[in-house]
1. When you go through (1) small (G, A, S); (2) away from the ligand (no atom under 16 Å from the Cβ); (3) at pLDDT 85 or above one by one for S96, which number turns out not to apply?
2. Among the numbered criteria (1) aromatic (F, W, Y); (2) free of Cβ contacts under 8 Å to residues at least 12 places away in the same chain; (3) assigned to a helix (DSSP H, G or I), which single criterion is violated by F88?
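The values are calculated or read from the model by the stated rules, or taken from the named source; none is laboratory data. For clarity, every value in this text was computed on a predicted model and none was experimentally measured. Glycine also receives a Cβ, built like all others from the backbone with ideal geometry; neighbour counts cover every protein chain displayed.
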Amino acid sequence: MIQFNCKCGGAMSVPDSMAGQVEKCPDCGRDVSAPSAPVKFRRSFGEQVSGVLAFLFILLALPVGVMVGDLFADGVGFVVGIGVCILFISAAAVQSAITNVLLYLRTIANN
Ligand SMILES: [Zn+2]
């Protein structure tokens, strides 16, 4: 849905498929052309950083798990390594979940 305003201030909205087409204002009857594309919310800098961090966590999960596991005796090291690996992936999942919730809330707040 594309939302925009007529020159008279009347609120108008058309489906995305009507982008760029002329529509009559329900308030004053003036022909108004709909914006060519729906306005998308840009991700804030914080959200972009958060996304990169989540990616890094996933990327580092295995090598860090192996590295930390090596610090311990064989049997324990394996368990600790897997634990660290899972911890990193969970951190990434939690982080991207928080980012998505924030983005969702912001979209609601703006509508
Ligand atoms: Zn109007």
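1. (3)
2. Only one criterion in (1) aromatic (F, W, Y); (2) free of Cβ contacts under 8 Å to residues at least 12 places away in the same chain; (3) assigned to a helix (DSSP H, G or I) is unmet by F88, namely (2).
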